[in-house]
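Where a number appears in this text, it was derived from the coordinates with a stated rule and is not lab data. Here the structure is a predicted model, which means the values were calculated and not measured. Cβ atoms come from the backbone with ideal geometry, glycine included; neighbour counts cover every protein chain shown.
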Amino acid sequence: MNSKKRDFLISISIIFTFSLIIILYLNYYFISLFGLNQENFVYVIIPLVVFGLGIFLSFSMSVLKPLFKSDERLEQSIKETIHELNIPVSTIKMNTQLLQKTITDEKSLKRLERITQASNNLLKLYENMEYNLKKEIDKIDKQEFYLNEIILKSCDKFYDIKKDTKIEVNIPNILVLSDINGFEKTMDNLISNAIKYNIKDNPIVEISYKNSVLSIFNTGEQIDTKNLFIVFDKYFQEDSTKDGFGLGLAMVKEFCKKNKITINNDTLEKGNRFNLNLKNIIK
């Protein structure tokens, strides 16, 4: 438990205990003074309860107001810091792209490729941090969007890394109501994994839709049976030599759970398939 939660609970407990002691004391005083019967019950007990609630709310506002203000300042500071992080990351990416056009030395190009990959990882972390922050602090409204448009948009993002991977998309024009940014990030994670963990010879990614189920199949190595139940766990990576932090599928699972999307993975003879049942978000 962090210090904010602990301070909040301690403050509420103290205020509640103090208010209860005052109510009980006044209750005892007035009962001993007037006695208690059906005639004076309403005139004695109810005013005491209202008075006690007034004390509780008054003390709560005075004690908890600094905590709430502190939280607001912290949230604003985090927002500004996250925003500032985007500037150096974008600058690194832009300059590496410019250098790739001018450098011809093979050794330097390999070094530059590693820098590019590291900057892409940083950019992905930034985008995830920005989304998670917005999700926790601000209310995210659901929007209507077309499923095929989001899928094609996600596929376009990985044009540079897909190399020889053949991506087949067979998605009808289905209208969906959900958190569009969260859904797009979910597709980004699943499609990037399908490309990253594919076979070297004739790699294929197939994205299809049938009976409210969106399926993403790739011709990669079969997921080990012992890992089927932990593949969505945070920081899990079946192949530690691949780039990443093991957070992608954990984020996918969290989004699906929050939006009532059933997700599972099938290990097939020629590869792996992730299935998402979208019946609860289809318009």
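Work out the FRET efficiency for Leu98 and Asn121 from their Cβ-Cβ distance, taking R0 = 22 Å, and round it to the nearest 0.05.
0.65
How much length is gained on full extension from Ser208 to Glu221, taking 0.36 nm per residue of separation minus their Cα-Cα distance?
Net length gain for the segment: 2.7 nm.
Run the quick spin-label model on Asp266 and Asn280: label points 7 Å from Cα toward the beta carbon, then report their separation in nm to one decimal.
Taking the two extended label points, one gets 2.2 nm.
Beyond 18 Å between alpha-carbons counts as too far, so tell me which of Lys166/Lys253; Lys142/Lys257; Lys157/Lys283; Lys110/Lys166; Lys110/Lys185 fall in that bin.
Where the Cα-Cα span goes over 18 Å, the pairs concerned are Lys166/Lys253; Lys157/Lys283; Lys110/Lys166; Lys110/Lys185.
Using the beta-carbon distance between Glu130 and Ile21 and R0 = 45 Å, what value does 1/(1 + (r/R0)^6) give for FRET efficiency, to the nearest 0.05?
Once the sixth-power term is evaluated, E becomes 0.45.
Here are some pairs, Lys93/Lys210; Lys210/Lys270; Lys101/Lys270; which of them have Cα atoms lying more than 32 Å apart in this structure?
Where the Cα-Cα span goes over 32 Å, the pairs concerned are Lys93/Lys210; Lys101/Lys270.
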